[in-house]
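Read-outs throughout are calculated quantities, based only on the coordinates presented, and are distinct from any laboratory measurement. The structure presented is a predicted model; accordingly, all values stated were derived computationally and were not measured. A quick note on method: Cβ atoms are made from the backbone with ideal geometry, for glycine too, and the neighbour counts reach across all protein chains shown.
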Amino acid sequence: MELEKLFELATEVANRSYSPYSKFRVGAALLCGDGTVVLGTNVENRSYGLGICAERSAIVTALTQGKGDFRAIAVSTPDSDYPVSPCGACRQVLSEFASKDFPVAFGGADGRLVKTTMGELFPFDALHELAGK
């Protein structure tokens, strides 16, 4: 599946976001090795630290469904005028399951889609270096 199609799905699922505090919807579409796409969205809470980002939501859902072979992710932030990349926490969690060449795409309302890799987003991944991966 092309990253553009994943991004479309991420944009659609962003409409299901629960973001009454920030008013900043985020959607993620995670492509699995079997061809299925698992969706996730951000869910906020009055206690800000208890919220979850769309990317981590998608990963947790996929793992719950027995999927662990991830091939690509797209993230949409339709309330932003520019592409917003995954946050540091999401980069760390993604790195647990993604190789350096894992495709990552993200974009905002301006229509520009940034295509990169996990290695470019998270270049000094000590966990994989220590594990010899």
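Numerical summary
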{"quantity": "Separation of the Thr64 and Glu12 label points, Cα + 7 Å toward Cβ, nm", "calculated": "2.0 nm"}
{"quantity": "Cross-link partners of Lys100 among aspartates and glutamates (Cα-Cα below 15 Å; sequence separation of 8 or more within a chain)", "calculated": "Asp69, Glu120, Asp125, Glu129"}
{"quantity": "Whole-Hz couplings from phi, Karplus 6.51/-1.76/1.60, listed for the stretch 60-66; x for Gly and Pro", "calculated": "4, 4, 4, 5, 4, 7, x"}
{"quantity": "For Ala72, residues with placed amide H under 5 Å, excluding near neighbours", "calculated": "Leu31"}
{"quantity": "Built amide H within the under 5 Å cut-off of Val84, gap 5+", "calculated": "Thr77, Gly107, Gly108"}
{"quantity": "Helix 88-97 axis, angle to the chain major axis (alpha carbon atoms, nearest 10°)", "calculated": "40 degrees"}
{"quantity": "Simple label model, 7 Å out from Cα along Cβ direction - Lys23 to Ser47, nm", "calculated": "2.7 nm"}
{"quantity": "Within the chain, helix-based [θ] at 222 nm, where runs of 4 or more DSSP H residues each add -39,500 (n - 2.57), nearest 500", "calculated": "-9000 deg cm²/dmol"}
{"quantity": "Rel. contact order, % - alpha carbon contacts under 8 angstrom, at least six apart, the chain", "calculated": "21 percent"}
{"quantity": "DSSP beta bridges in the stretch 3-131 [antiparallel fraction, %, rounded to 5]", "calculated": "75 percent"}
{"quantity": "³J(HN,Hα) computed for each position of the stretch 5-17 - Karplus, 6.51 cos²θ - 1.76 cosθ + 1.60, integer Hz, glycine/proline x", "calculated": "5, 4, 5, 4, 5, 5, 5, 4, 6, 4, 5, 8, 4"}
